[in-house]
Amino acid sequence: MGKTKTTRYKNDLFLKSLGQHCRQLRKQKGLSIDRLAKESDKLSPGTIDRLERGLSDSQVLVLLRYAEVLGCSLLDLFAFLKDNPEHSIYKDSRIVPYEEGAARPARHVPLYPLKVAAGQFGSSEPFNEVVPIGWVDASLKTDNIDYFAAFVRGESMQPKINDGDLCLFRRYTGGSRQGHIFLIQARGLKNSETGESFVIKKYVRQTPSRQSEDDDMSIIHLVSENPKFSPIILMGAADDEIQVIAEFIKIIKG
């Protein structure tokens with residue numbers, strides 16, 4: 001009998017985030033890749049480049065030597081994990097980590113960072129082959145590709161959605177928007193809490209009395225649940241200028 005082939009675990013998002021953080025630390029020290037390689041006397045420029053681009057899962061001794069040359073500790077290399085729930089999946093019983101080649105578990109939806117989900121589900125083109133962080137049991141009756149899970153950051157939707165909640169979303173494909181909570185992008189929109197170009201808000205469309213036949217004014221209020229946050233008001237915005245990406249469905253409990 002042949003040996004059973006095992007699938008090696010690999011988390012591409014983690015590797016890319018680690019690489020980006022390492023590159024930032026190196027640049028803060030004013031070192032080029034070539035200079036770092038010379039200083040280390042053990043790491044080649046190719047090894048450093050692959051680490052910083054998240055192309056390979058580096059051995060601990062590579063990371064240790066990298067940290068030593070920068071004059072920091074291994075813990076400093078992993079500082080990007082702080083306050084980043086997407087990378088704490090190994091502690092979260094709700095999430096099945098993604099494994100290359102492994103089948104999607106039944107009734108589970110993909111877990112993405114919101115920024116990735118906004119790009120993927122907000123496109124009218126066919127879905128990109130974006131690797132999820134993991135899979136979340138959403139207790140769906142069917143494996144609907146329009147659903148995904150994401151961690152939500154910020155306090156503007158409290159108490160409906162709390163900071164760090166794992167939420168289920170469904171890609172918006174049409175229907176009434178009024179009074180529903182959505183993941184939204186719009187021209188010039190900026191999230192005051194995260195700095196991103198998308199928000200999670202309640203959609204409220206108002207149409208004032210027309211002053212003339214040519215008057216097609218509409219006002220869109222993107223409303224927070226938390227009264228400490230003022231609504232985002234979009235004046236004269238047409239519905240097609242506001243990209244409603246996905247509707248918030250529920251909190252996924254532990």
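The values are calculated or read from the model by the stated rules, or taken from the named source; none is laboratory data. Worth saying up front: this structure is predicted, and the values here are computed from it rather than measured. Cβ coordinates were reconstructed from backbone atoms using ideal geometry, including for glycine residues, and neighbour counts include every protein chain displayed. Areas reflect the complete protein model, heavy atoms only, side chains present, ligands, DNA and RNA absent. Shrake-Rupley method; radii C 1.70, N 1.55, O 1.52, S 1.80 Å.
What trypsin sites (Lys or Arg not before Pro) in the stretch 165-210 are in a loop by DSSP, with at most 14 other Cβ atoms within 10 Å of the Cβ?
Filter output for the stretch 165-210: Arg187, Lys190, Arg210.
Ordering Ser40, Ser139 by how much accessible area each has at a 1.4 Å probe, largest first, what is the list?
Most to least solvent-accessible, the answer reads Ser139, Ser40.
In what order, largest first, do Lys27, Lys160 sit by accessible area if the probe radius is 1.4 Å?
Lys27, Lys160
Ordering Glu99, Glu52, Glu247, Glu155 by how much accessible area each has at a 1.4 Å probe, largest first, what is the list?
Solvent-accessible surface, decreasing: Glu155, Glu99, Glu247, Glu52.
How large is the accessible surface of Asp76 in square angstrom, using a 1.4 angstrom probe and rounding to the nearest 10?
Probe radius 1.4 Å; accessible area of Asp76 about 70 Å².
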